[in-house]
Amino acid sequence: MLNQNNMKTRILIFALLFITIGLSAQESIRIISYNVENLFDTKHDTLKNDNDFLPDGKYHWTYERYKTKLVNLARVISNIGQDQTPIIVGLCEVENQKCLRDLLIYGGLRKYGYQFIHEESPDQRGIDCALLYNGKMFRMLDAELIAVPMPPSERPTRDLVYSKGLIGSNDNDTLHVFMCHFPSQLGGTEATAHKREAARKILQQAIDKILRHNPQADILVMGDMNASPADYLTGMHNLMLNMEKEGKGTHKWEGKWSCLDQFFVSDHLLNRATPHIYDADWIQETDEKFTGTEPKRTYKGGFQYQDGYSDHLPIYIDIKL
């Protein structure tokens, strides 16, 4: 018959064995990138141009509509996760930390135990990049915002969000993640190309610094690049190139799909990473002007409110450990 001390020892051994088996049995991790299209709260920020998204603004953005959007976005993230917790969720177009807290509380993402990385960027509308992450599965080592300087004559743009953490059961498995939202094409693709090039150069410098220190580093770049996929980052591979060639996409404009939302991976991740576009029927609607479907937006045809999600489809990537 076991005494109490022996029993406690066995329970501890079984518990440690269970954790070890669980970590080793997990064959991959899942990461999401999602442009959530204008996730504003309903309060005025005197430092930002958020007047359209107030109860008396152009969009008549009420608390009820705000809360519905939170629930809708959380439903998308949960459905992408299914039975596998997404360890990181990168978001574009988030106004502030209140929106992130509300998304976790009211949106129904509590089960994932997410923490977040966000700081106010110089974007005049106040739409920033942010990262949600599960601290048990992505053990944070470092995080920072990387500014993208623009000429004085240009509007400031969003910062890049960088994070570094440990994944899996091996403390040597370090993953570097960059979340991006490059300047838009508003004003014309060619006329605004220099803005995206400025963001690309800053991102490339950060990547080069990591690769100089460790050529075998695991690096993931994701986000809304506001351009068609291209291999324009040295030492990185764009995983969305073939998808757009096949007529797939995350954003639709004038009847044509394009993969504005993209994943880049470093050499060491290339054979372990599989990208996906989450294109469930229920987050799309009929394209009334052209053919097929398009993402179901929060507002349709300008200011016509509908119970939608975003003008982008989310993307996710599975990375083998």
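For L186 and K201 in one chain, what is 0.36 nm times their gap in residues minus the Cα-Cα distance, to one decimal in nm?
Numbers: separation 15, 0.36 × 15 = 5.40 nm, distance 2.03 nm.
Going from the current span to full extension adds 3.4 nm.
For E254 and K289 in one chain, what is 0.36 nm times their gap in residues minus the Cα-Cα distance, to one decimal in nm? Before the final figure, lay out the partial values.
Working: separation 35, 0.36 × 35 = 12.60 nm, distance 0.83 nm.
Net length gain for the segment: 11.8 nm.
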How far is the Cα center of segment 54-75 from the Cα center of segment 302-321, in Å? 16 Å
Whole-percent tail of the Cα-Cα distance distribution for segment 167-321, cut at 23 Å, equals 44 percent
Taking the Cα-to-Cβ direction at Q84 and at A230 and moving 7 Å from each Cα, how far apart do the two end points lie in nm? 3.2 nm
Once you put a point 7 Å from the Cα of N51 and another 7 Å from the Cα of D173, both along the Cβ direction, what distance in nm separates them? 5.1 nm
Which of R158, R272, R196 ends up with the largest GNM mean-square fluctuation for the chain, with Cα atoms connected below 10 Å? R272
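Within the set K98/K296; K136/K252; K69/K248; K67/K252; K67/K300, which residue pairs have Cα atoms separated by over 29 Å? Mind dumping the intermediate values first?
Values: K98/K296 24 Å; K136/K252 36 Å; K69/K248 25 Å; K67/K252 26 Å; K67/K300 18 Å.
As for pairs spanning more than 29 Å Cα to Cα, those are K136/K252.
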Once both label points are put 7 Å beyond Cα along the C-beta direction, the K209-R75 separation in nm becomes 4.2 nm
Tell me the angle of helix 193-213 to the major Cα principal axis of the chain, expressed in degrees between 0 and 90 and rounded to the nearest ten. 20 degrees
With Cα springs under 10 Å, the Gaussian network model of the chain assigns the largest mean-square fluctuation among Y59, Y162, Y309 to Y59
Antiparallel versus total DSSP beta bridges in the chain: what percent is that, nearest 5? 80 percent
Specify the inter-centroid distance of segment 242-273 and segment 125-190, based on alpha-carbon positions, in whole Å. 18 Å
So how tilted is helix 4-25 from the main axis of the chain? Cα-based, degrees 0 to 90, rounded to 10. 40 degrees
Measure nothing fancy, just the Cα-based angle from helix 63-81's long axis to the longest principal axis of the chain, in degrees from 0 to 90, nearest 10. 50 degrees
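So what is the relative contact order of segment 26-320, in percent, for Cα pairs below 8 Å that sit 6 or more residues apart?
On the way: 640 pairs, mean separation 53.3, N = 295.
Contact order relative to length: 18 percent.
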Take the chain, connect every pair of alpha-carbon atoms lying under 10 Å apart with a spring to form a Gaussian network, then pick out the residue of N35, N226, N242 with the largest mean-square fluctuation. N242
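Throughout, read-outs are computed from the coordinates displayed, never taken from laboratory work. All values reported here derive from a predicted model rather than from experimental measurement. With ideal geometry, Cβ positions are generated from the backbone for all residues, glycine too; neighbour counts draw on all protein chains shown.
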